[in-house]
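Read the structure below first, then the notes.
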Amino acid sequence: MQPPQSHAGNLVASLIAAESIVTTEAKAKALRPVVEKCVTKAKKGGCTVIARWWPSSGQGHGHKLFADIGPRYETRPVAIPAS
């Protein structure tokens, strides 16, 4: 069972802001692909990616994602989803 879309967005924003959250295992599994995509975009960087993502992030989460979290995971390989 996946969380509703608005709830998922709030959980992602909370995870970016606090860098950890307490939630159920089912919600965590549902959020993982979303958060991995955000981190991958932050790793790649670039003006176009930042300009597309920044307005929708709100509350300064975009700055934290692109300035702190993205560079931290730059050396890690991209997660490949199981097929």
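Values computed for the structure shown
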read-out	value
Checking PRO81 against (1) in contact with a Pro (Cβ under 8 Å, 6 or more places away or on another chain); (2) exposed (fewer than 12 other Cβ atoms within 10 Å of the Cβ); (3) modelled with pLDDT of 80 or more, the condition it does not meet	(3)
Selected residue (only one of GLU25, GLU19 is loosely packed, with under 14 Cβ neighbours inside 10 Å, within 16 Å of ARG72 (Cα to Cα) and not basic (Lys, Arg))	GLU19
Selection count where residues are charged (D, E, K, R) and either closer than 19 Å to ALA42 by Cα or touching a residue at least 12 places away in the same chain (Cβ under 8 Å) (or both), scope the range 7-28	2
Residues satisfying the stated conditions in the range 36-78, i.e. surrounded by 12 or more Cβ atoms within 10 Å (Cβ to Cβ), more than 15 Å from ALA18 (Cα to Cα), modelled with pLDDT under 70 and not aliphatic (A, V, I, L, M)	TRP53, TRP54
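The values are calculated or read from the model by the stated rules, or taken from the named source; none is laboratory data. These numbers were taken from a predicted model, which means no experiment stands behind them. Every residue, glycine among them, receives a Cβ derived from its backbone with ideal geometry; neighbour counts consider all protein chains shown.
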